[in-house]
Each structure stands twice: as structure tokens, then as C-alpha cells.
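Derivation of every value follows stated rules applied to the coordinates shown; laboratory data play no part. For clarity, every value in this text was computed on a predicted model and none was experimentally measured. Cβ coordinates were reconstructed from backbone atoms using ideal geometry, including for glycine residues, and neighbour counts include every protein chain displayed.
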Amino acid sequence: MAEGDLQPGSKQFPIELDHDTPEHAANWPERWRAIRETTPRAWTESHGGFWVATRLEDLVGIAQRDDVFSTHKELDRVTGETTGGLSIPPVPGIRSIPNESDKPEWNGIRGFINRHFAPRAVELRRQRARNFTAALVDMVIEKGHFDIVDDLTNPLPALVTMDLFGFPLEEWRAFADPFHTMVYTPASSPEFAATIKGLDHFHARVDEEVAKRRLEPKDDLLTIFATGLIDAEPLGYETIHDLAFNILAGGVDTTTALTSNTLLYLSRHPDQRQELINRPDVMPLAREEFIRYFSPIHGLARNAMSDVEVNGWKIDKGDRVLLAYSAANRDPDAFEDPEEVKLDRFPNKHVGFGAGMHRCIGSFLARMMWECMVTEVLARMPDYRVEEDKIESYHTVAKVNGWIHIPAIFTPGKKVGATIS
């Protein structure tokens, strides 16, 4: 037995870590800090056993080795059982592509949708996103109170993403709510099966709208799915569903979580909120800092296809590795004063949107939506104050670091007459 096998954090001496618990969600910054300082490359027996990468250098090193580390997910469509994939613990019954695919499958899928999420394509949607945001604020501006999640950060990403697809906008809640609930419901809980069942409406509507687009094409993503080709072949039923699920899930709840955390933080730190109001030029840097600090996606997995060594870290074939973005984004070897929010931090090489070839395809869209929501709130509700005794966070942050409810009060204002259409 090698000397390293006897060290704390090795397979012979694993750490105690289950990141899919309320206890971890309640104190994740402290927990990650302790692991990063004592056992930065640690093995845990939770969820079948996996390594956890908490340092930025190790995480990026693994993410860039797509020749060795896989994200491919095998899904039994009958039983819902899965192997591999990005999630620890695994999410049954769902495959998310292109995220849970490897080359060459990844190349065809990513190339098929890339241009629809490129900076230029996103910029063309900015004005509609602004109008949606203004309309959502109009719905509450005269009341003097609202729920940041229910009234803004959940509906706006849903509306923008549904607009991209070409779904009727009035159906946003029927789409967004099941995805929102799925993210904060632990996969091990009895309620999770019912939550997944709630996605049946989404799948049925995808089928209905794709059938319509094949008869009457439009300028939307559903038409691309219905009429497009990947490797000279039309998209099959499973590919359309897996791809649509990935885009809607990624577009809805991660942006919701990021913006919710941002607005809660600014309520708690009115001096920094005022700085953003006084210096709007800082907004792009502040956006990246909040992505780093809160890491809406806390971590995703890789699966070793062969024995490999990364930065001196030996990982065996078949091992799973959790890339803990939320830990790496506060790595003191990579960021000065990582536990502090510095609105003008630069440079800021965070991994809030992942790293390597599986870096989030919707990152530009998420940034744009964050800007629309934060800018609108600071302009029209500059004195908003969160009612701290009424907030409710996600019970687990294994998938997304977000909030269920954030009630807030503010000085009532006037409507601007924006509409959602």
C-alpha cells in the first residue's frame, strides 16, 4: 500500500461529506473551506463513492481532460435507472444533452445549437427581456411589496427562455414551476418522483409544438428542433426531449438562483447597492463577482474512463469526481480575499459557468437576464428591503444554490406601461 493511501481523504480514509443535505446547504462556505485546507483532494463514500476537487487548478485540469473524463449518461428509458452523467447523486429518468454527452455526439449537438446562444444572438433578445422585466415590475410596483423569486427572478428567465423556444408566454408558470421545484427537491426524497412526474406537461407540450412546426415553421428554437439536422439526420424524439429539457432547465433555475442571491446580498449590503446605483459602469464586473461568489451551479461530476494522473492526483478508471465549483471559486490560491465580494474584482477567472468543453452554453444569456433584472430593480425599487424572517432557501444545494422565497418591501412607484407579449 502506497504511503498516500494512508492519508486522510484517501479511499482508505475517506472524509464525511454529503453535499446533498440541509446541513451542507446551511454552511457550505465553511464546509468547503475546511475540506480545501485539510483534504483538497478527498474521497467520500456518499452516493456510491466519489472524489471531490476543491482547488481551482485541479478542477480546471480535470475539466480540460475530456479525452479521459466523461460526462456521458446511460439512461434506461423504461426503468429510469442511470449510470454516469453529471449529477451526484444521479437524477433518475432524465438525460440532459449536450451536457451529458461526449465527443463525437457532443460535437454534433453543440454545433447544432451554438449560434442561438452566441453573444450576437443574445444581444438581439435584450430589448424583449427588458420589456418583460419592466412588465413584471409593473405588476408589483404600486403595491410596495413583492417576492423577489416568485414575482421576478423565476418568471423572467422562464419568459425569456420560452420566447426563445416559441412557446406561448402565458404558459410560463406551468413550465417553470416543475423545474424550479425539481432543483431544490433532493433526489432521495419521497417527493422527488412526483416532482419529475410534473415534467410530463412539458414533454407533452414539446411534442405538440414540434408537430405544429413541422407543418408551419416559425422563427424559433422549436422549429429548429422540428426541421433541423444533426450529422445529416433529423432529430429523433429522445434527442428533442433531452435537448429541450437541458435548455429550459439551464435557462430557468440557474439564472433565478444567481439573481436571487445577488438581490438578497444587495439588500443586506446597502452601501454596495448604492455603489452600483452610483456607478453603473461597474455592473459587468459586479456580475462576474456575484457569479464567482455564489456559484449558482455548485458542482458537476466527471467519470474517469481510464487510470489518469492530473497535477499529481491519481484517479482510477471508473472513479467519479465532483468538480466543486463553489469551493474552487473561493480558492485563496486563485482569488485574493475570496470570501469577500469585491464589485470591481479584476481579473476574475471564476468557474461559475464551468470549465472545459462542457462550459455552460447559456452563459451569455444568463448574464443578459441578470443585467436586466438587477438594473430594473435598482432603478425602480432602489430602497427595497428583504424581510429576513420570511425568506426560505433551497433545502439542498447539490444541484443549484437558490431560494424558494425572498419577500421584500419598497417604496411604491408608478407603472411604465410595459406588457408581456
Check your understanding: Taking only C-alpha pairs under 8 Å that are 6+ residues apart, what is the relative contact order of segment 38-409 in percent?
Key -> 26
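Segment 38-409: D in µm²/s via Stokes-Einstein (Kirkwood Rh, Cα pairs, 37 °C, 0.692 mPa s)?
Details: Rh = 21.4 Å.
Rounded, D is 154 µm²/s.
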Point to revise | Local net charge near Phe245, Cβ-Cβ under 11 Å (Lys/Arg +1, Asp/Glu -1) | key: -2
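Given R₀ = 35 Å, FRET efficiency for Ile277-Glu191 by Cβ-Cβ distance, to 0.05?
Details: r = 41 Å, r/R0 = 1.16.
That gives a FRET efficiency of 0.30.
Based solely on its DSSP helices, what 222 nm [θ] is calculated for the chain when runs of n ≥ 4 H residues each add -39,500 (n - 2.57) and the sum is averaged over all residues, nearest 500 deg cm²/dmol? Walk me through the intermediate numbers first.
Details: 16 runs with 180 residues, N = 421.
That calculation yields -13000 deg cm²/dmol at 222 nm.
For segment 76-234, state the average projected area of the convex hull of the C-alpha atoms over all orientations, rounded to one decimal in nm². Don't jump to the answer; show the numbers that get you there.
Details: hull surface 46.5 nm².
Orientation-averaged projected area of the Cα hull: 11.6 nm².
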Check your understanding: Got a sec? How would Leu343, Leu124 order by Cβ neighbour count within 10 Å, fewest to most?
Key -> Leu124, Leu343
Revision key, fill the gap. In terms of the charge dipole of the chain, which places +1 on Lys and Arg and -1 on Asp and Glu at the beta carbon, the residue among Asn303, Gly413, Ile230 farthest towards the positive end is Gly413
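Could you list the trypsin sites (Lys or Arg not before Pro) in segment 362-421 that lie in coil according to DSSP, counting only those with at most 15 other Cβ atoms within 10 Å of their Cβ?
Details: sites: Arg367, Arg380, Arg385, Lys390, Lys399, Lys414, Lys415; in loops: Lys399, Lys414, Lys415.
In loop regions of segment 362-421 (DSSP not H, G, I, E or B), the sparsely surrounded trypsin sites (Lys or Arg not before Pro) are Lys414, Lys415.
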Check your understanding: Which whole DSSP H helices in the chain pass both tests: a Cα extent of 27 Å or more along the axis and a mean Kyte-Doolittle value no lower than -1.0?
Key -> 237-268
Review point. For segment 101-203, which GluC sites (Glu not before Pro) are in a loop by DSSP, counting at most 14 other Cβ atoms within 10 Å?
Key: Glu142
Exercise for review: Could you please rank Ser267, Ser326, placing first whichever residue has the fewest other Cβ atoms within 10 Å of its Cβ?
Suggested key: Ser267, Ser326
